[in-house]
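Engineer: Dumping the structure here so I can ask a few things about it.
The values are calculated or read from the model by the stated rules, or taken from the named source; none is laboratory data. On a predicted model such as this, the values are computed, not experimentally measured, just so you know. With ideal geometry, Cβ positions are generated from the backbone for all residues, glycine too; neighbour counts draw on all protein chains shown. Heads up: the accessible areas ignore ligands, DNA and RNA and are worked out on the full protein's heavy atoms, side chains in. Shrake-Rupley method; radii C 1.70, N 1.55, O 1.52, S 1.80 Å.
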Amino acid sequence: MRTSKKTRTNQEWLADLRSEGAPFDQALTDLTEIILSGLPYALSKWLPAEDPRFAPLAEEVVQETILRVLSKLDTFKGLSQFTTWVYTIAVRVALTELRRARWKEVSLEEFLAGRNPGDEPRELAHQDDVDVEKALQKKEALAVLSQVIEETLTEKQRLALVAVALKGVPMSVVAQRMDMTRNALYKLTHDARQKLKSQLEKEGLSTQEMFKVFEQ
């Protein structure tokens with residue numbers, strides 16, 4: 001894994017990522033480089049770098065990893081190098097994205113191939129009920145989120161968070177459409193998440209659990 005151009009201590013990483021302006025932008029640039037340089041080796045057993053699916057996957061992994069890192073800075077205990085901690089998060093995110101991509105590529109017919117009628121596992125036998133329940137959960141969660149987002153966030157924060165977190169629009173696309181750098185968008189989205197988290201906690205809700213509803 002290639003190191004960043006500027007060598008930082010753990011505390012310097014934390015300080016730069018909690019700052020604003022040039023130090024924050026440079027830290028994100030360096031962190032992006034570190035993640036991207038390590039992914040080809042980390043994913044070589046599952047998806048070679050020359051595969052056309054690798055580049056878009058890497059972009060998604062970088063986006064999600066940085067968002068997670070920014071939201072979890074307070075949980076870093078300093079038991080390892082900061083970059084090692086980030087790299088571990090990136091690999092977990094990458095493997096999760098790979099699993100999701102593979103499930104999307106499998107059709108229902110392929111999934112059920114080789115099974116006799118009536119042999120469906122219990123969770124599939126009641127799929128209709130499960131889908132209805134999930135739909136209701138999403139509807140209720142969306143209503144709560146919409147109200148909190150509308151009352152808590154600025155217009156730019158709302159547009160960025162809805163596009164990235166709820167609709168899954170790639171960070172590069174959102175940054176281009178909002179006429180801002182990706183680093184500035186990371187900062188904007190991070191601040192929006194923090195404000196949203198604070199408000200939801202005041203109402204006895206968990207941001208993580210709310211967003212999990214939309215990942216099911």
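Engineer: For region 19-78, give me each residue that is over 22 Å from residue 165 (Cβ atoms) and among the β-branched types (Val, Ile, Thr).
Structural biologist: The answer is 29, 34.
Engineer: Then there's this: Which residues, counting only those in region 179-197, are open to solvent by 40 Å² or more (accessible area, probe 1.4 Å) and farther than 20 Å from residue 30 by Cβ?
Structural biologist: If the condition is that a residue be open to solvent by 40 Å² or more (accessible area, probe 1.4 Å) and farther than 20 Å from residue 30 by Cβ, then 179, 191, 193, 194, 195, 197 are the ones that fit.
Engineer: Could you list, ordered by first residue, the pairs with Cβ atoms under 7 Å in which the first is in region 156-184 and under 24 Å from residue 19 (Cβ atoms) and the second is modelled with pLDDT under 85 and open to solvent by 40 Å² or more (accessible area, probe 1.4 Å), at least 6 apart or interchain?
Structural biologist: Note: pairs meeting the criteria are 182/172.
Engineer: Can you tell me how many residues within region 125-169 are modelled with pLDDT under 75 and either surrounded by 12 or more Cβ atoms within 10 Å (Cβ to Cβ) or farther than 26 Å from residue 59 by Cα (or both)?
Structural biologist: Result for region 125-169: 22.
Engineer: Has region 180-190 got at least one residue that is of a type in the set (A, V, I, L, M, F, W, C), outside any helix (DSSP H, G or I) and at pLDDT below 85?
Structural biologist: no
Engineer: Cβ contacts < 8 Å: first residue within 20 Å of residue 41 (Cβ to Cβ), restricted to region 84-109; second residue of a type in the set (Asp, Glu) and at pLDDT 65 or above, any location; separation 6+ or different chain. Result?
Structural biologist: 93/64; 97/60; 97/64
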